[in-house]
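Novice: Okay, here's the structure, questions in a sec.
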Amino acid sequence: MTKQFLLFIPSDNAGLYVNIITHCVQFEGVHSIYFAVNSGDIGNLSEAREKIKKIKDKFEQLSSKHPHIYRIASDIIPPLNQLDERIIKILFTNPEFSTKELNRKFHNTDKLLVDISGCNKKVSSDVISSYILKGISHICCFELDDKVYSQEWRIQGLGKDFHDIRKDIPFYEYIDFSRSGTTIESFNQMRSQGNLVKLFFSISIILGVMVFVLIQQQQNALAQYGVIFMTLATGLGLFNDIFGMRDRFK
């Protein structure tokens, strides 16, 4: 199944992006690529063009020695004069603002991979939480095995380029947070839990207003029943909130 690819590029590490793109073309069915840049940065378009040019240059360098590995992946990056239509501005401090635009632009987000490997933890967690809740579930991250950083690896003369880390056994993992189900289940559980708590507290507020009206009308017996039900609803809301938080911490 062919997929579209949205790559966040806050880092200057061109090698990381080459590895990600190569993997996604070879193993994830990616056929077109878009680049996410921070709309909060001054000069973000010119910086983005420069970063993408470095990625393209890195591909050219590797393709000259390993064309069978890198050439197809390199070809999905559009020419430099066509880059602007492939660059998407996203406010990294509030990525949830972009979800409506992404759903509109990509139509079928089940076929969209969003890569956050170059992002810091704050941006990554914000993207995961806001995007998954809005139906953009395939949030991915490229992680090298610890062995790649070892002295033994360097002694063998191996580097961090894709042709080095993709041997008989790949020394990396490409994580799609939707595949195991744990991330989406966690966020769905949090959302359901929050809705339930809101329902109980809403009932409490309504009952509180009713009790006030009944007291004003000197309907004391009914007001007492109202107080009992209001206390029960408030207690259930607090109970669900406390135990929901406990489950999330687990």
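Novice: Take Val123 and decide whether it is assigned to a helix (DSSP H, G or I) and either among the small types (Gly, Ala, Ser) or under 23 Å from Asn19 (Cα atoms) (or both).
Specialist: Considered against the rule, which asks whether it is assigned to a helix (DSSP H, G or I) and either among the small types (Gly, Ala, Ser) or under 23 Å from Asn19 (Cα atoms) (or both), Val123 comes out as yes.
Novice: Within segment 22-70, which residues are of a type outside the set (Gly, Ala, Ser), over 22 Å from Glu173 (Cα atoms) and free of Cβ contacts under 8 Å to residues at least 12 places away in the same chain?
Specialist: Asp41, Ile42, Glu47, Glu50, Gln61, Lys65, Pro67
Novice: Let me ask something else. Listed residues Leu16, Leu80, Leu91; which is within 22 Å of Val127 (Cβ to Cβ) and in contact with a helix residue (DSSP H, G or I) (Cβ under 8 Å, 6 or more places away or on another chain)?
Specialist: Just one listed residue meets the conditions, Leu91.
Novice: Being more than 14 Å from Leu6 (Cβ to Cβ) and aliphatic (A, V, I, L, M) is the filter; apply it to segment 133-155 and report the residue that is surrounded by the fewest Cβ atoms within 10 Å (Cβ to Cβ).
Specialist: Ile155
Novice: Of the residues that sit in segment 71-97 and are within 17 Å of the chain's Cα centre (by Cα) and without any contact (Cβ under 8 Å) to a residue 40 or more places away in the chain, which one is nearest to Ala14 (Cα to Cα)?
Specialist: Residues of segment 71-97 within 17 Å of the chain's Cα centre (by Cα): 88-97.
Adding the requirement that they be without any contact (Cβ under 8 Å) to a residue 40 or more places away in the chain leaves 94-97.
Working: Asn94: 25, Pro95: 23, Glu96: 26, Phe97: 27 Å.
Out of the qualifying residues, it is Pro95.
Novice: Restricting attention to strands (runs of 3 or more DSSP E) lying wholly within segment 1-115, give those where 3 or more residues are basic (Lys, Arg) and surrounded by fewer than 16 Cβ atoms within 10 Å (Cβ to Cβ).
Specialist: Hits in segment 1-115: none.
Novice: Hey, another quick one. Being in a helix (DSSP H, G or I), aliphatic (A, V, I, L, M) and in the same structural domain as His23 (by TED's automatic domain parsing), is that true of even one residue in segment 134-144?
Specialist: Among the residues of segment 134-144, not one is in a helix (DSSP H, G or I), aliphatic (A, V, I, L, M) and in the same structural domain as His23 (by TED's automatic domain parsing), which makes the answer no.
The values are calculated or read from the model by the stated rules, or taken from the named source; none is laboratory data. Here the structure is a predicted model, which means the values were calculated and not measured. Cβ: placed from backbone, ideal geometry, glycine included. Neighbour counts: every protein chain shown.
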